[in-house]
1. Compute a Gaussian network model of the chain, connecting alpha carbons closer than 10 Å, and tell me which residue from D56, D40, D102 fluctuates the most.
2. Per residue, how much accessible area does the chain show when a 1.4 Å probe rolls over the protein heavy atoms, in square angstrom?
3. Count the lysine pairs in the chain whose Cα atoms sit under 22 Å apart, keeping only pairs 8 or more residues apart in sequence or on different chains.
4. State the percentage of accessible surface on the chain attributable to carbon and sulfur atoms; use a 1.4 Å probe and exclude ligands, DNA and RNA.
5. Let me have the 222 nm mean residue ellipticity of the chain computed from DSSP H runs of 4+ only, each contributing -39500 (n - 2.57), with the sum over all residues rounded to the nearest 500.
6. For the chain, take the longest principal axis of its alpha carbons; what is the angle in degrees between that and the long axis of helix 5-30, to the nearest 10 within 0 to 90?
7. Sort by residue number and report every cysteine in the chain with no other cysteine beta carbon within a distance under 4.7 Å.
8. Grab the eigenvalues of the alpha-carbon gyration tensor for the chain, scale each by 5, take roots, and send me the semi-axes largest first in whole angstrom.
Amino acid sequence: MTLSMGALGTGAVILVFVLLASAVLFRNLFGKEETVLIKDGTPAGTATVSAIVCSDLIAIEPKPLPLPMAADGKMAMLGLGGERLIFYTSTKACPFGIGLSDAAAMAAIEQIEQFCGRPLLRQTKVI
């Protein structure tokens with residue numbers, strides 16, 4: 001019994017989809033999203049690579065929920081996007097907050113503002 005090229009190709013495509021689905025499931029079950037905020041004057045060596053120093057944090061911008069039928073909404077349902085907050089620093093913009101509700105996003109912003117000791121909320125204009 002020999003396999004045709006069509007059967008091998010179909011098997012390869014199925015294998016790729018199974019591996020992709022397994023990777024997404026593993027990320028959603030065992031992955032975590034983490035951002036570390038550091039106050040000024042923290043001893044050297046205590047910061048991680050993903051740490052943000054409060055003095056470098058310029059603003060936090062909440063993003064609206066993506067529409068369920070849009071591409072962003074579909075990716076968010078898979079756990080592959082849909083960050084609700086964007087941290088703007090002096091050097092970069094860091095998306096954060098996959099799966100946060102509006103109330104949880106605002107509570108996170110309030111906690112970060114209390115930790116850093118200054119207002120950071122930036123409102124986006126809806127046209």
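1. D40
2. Numbers: 9130 Å² over 127 residues.
Here the residues of the chain average 72 Å² of exposed surface.
3. Details: K32/K63; K32/K74; K32/K92; K39/K92; K63/K74; K63/K92; K63/K125; K92/K125.
So the count works out to 8.
4. Answer for the chain is 67 percent, counting heavy atoms of protein chains only.
5. Details: 3 runs with 48 residues, N = 127.
Per the formula, -12500 deg cm²/dmol.
6. The angle comes out at about 30 degrees.
7. Cys with no partner Cβ under 4.7 Å: C94.
8. Working: eigenvalues 309, 76, 26 Å².
That gives 39, 19, 11 Å for the three semi-axes.
The values are calculated or read from the model by the stated rules, or taken from the named source; none is laboratory data. Keep in mind the model is a prediction, meaning the values are calculated, not measured. Here the Cβ is made from the backbone with ideal geometry for all residues, glycine too, and neighbour counts use every protein chain on show. What goes into the accessible areas is simple: the full protein's heavy atoms, side chains included, and nothing from ligands, DNA or RNA. Shrake-Rupley method; radii C 1.70, N 1.55, O 1.52, S 1.80 Å.
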